Structures are given as C-alpha cells and as structure tokens.
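The values are calculated or read from the model by the stated rules, or taken from the named source; none is laboratory data. None of the values given here were measured: they were computed from a predicted structure. Methodologically, a virtual Cβ is constructed for each residue, glycine included, from the backbone with ideal geometry; neighbour enumeration extends over all protein chains shown. Please note that ligands, DNA and RNA were not included when accessible areas were found on the heavy atoms of the full protein model with its side chains. Shrake-Rupley method; radii C 1.70, N 1.55, O 1.52, S 1.80 Å.
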Amino acid sequence: MNDKRDQDLERQLSELLTDGEMESKNKEEEGRRLIPPKYEVRVQTTLDPIVEETRKYRSIAKEMDDRYDKYMERAGGNNDGSSDSGSST
C-alpha cells in the first residue's frame, strides 16, 4: 500500500517538476535530475561534530540550560560540566 502511494507521489512530483517550458533539450534526463534521490550517502567519522562544537562553546562560556548534557553522555564525549566549570581542554 505504501509502495503504490510512494510511486504515485513520485510520479506527481516528477510531473510537477517537468511541467512548463524546459531549457534543456533532453527533457527526460532533466526530469530525472530534478527528482531527489531515494538513497543518501552517509560518511562515518571518528569525531562527532556536535560534541566537538559543544566542547568549544563550553570552553568559552557557561550554558544557561543543560540541553546538550544528555546528548554528550550518549555520544561518549566527556561532559565538560556546563554547570561545574567553563574550561576544558
């Protein structure tokens, strides 16, 4: 059921993107290019950019709330103590 609905939505999206006057000579290729891909590429990194940025901010200033504490614990980044001290290495 979801596959049929997804196919219908993709078809409608394709029609909306290809309606009107196109500048390209190859309309089929241009229409395919305009549709977003079904799959995405993810790159695995050794460092979490959110953890690194949070550490930098915590080394500069004290946070008003603890909104990133749970994320830092789950991510394994040492919780530089937003309420304990404002300095870290």
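Structure data summary
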{"read-out": "Those residues of segment 34-52 which are in a helix (DSSP H, G or I) and farther than 30 Å from LEU16 by Cα, in sequence order", "value": "PRO49, ILE50, VAL51, GLU52"}
{"read-out": "Residues (over 17 Å from the mean Cα position of the chain (by Cα), open to solvent by 100 Å² or more (accessible area, probe 1.4 Å) and within 16 Å of LEU13 (Cβ to Cβ)) located in segment 27-46", "value": "LYS27, GLU28, ARG32, ARG33"}
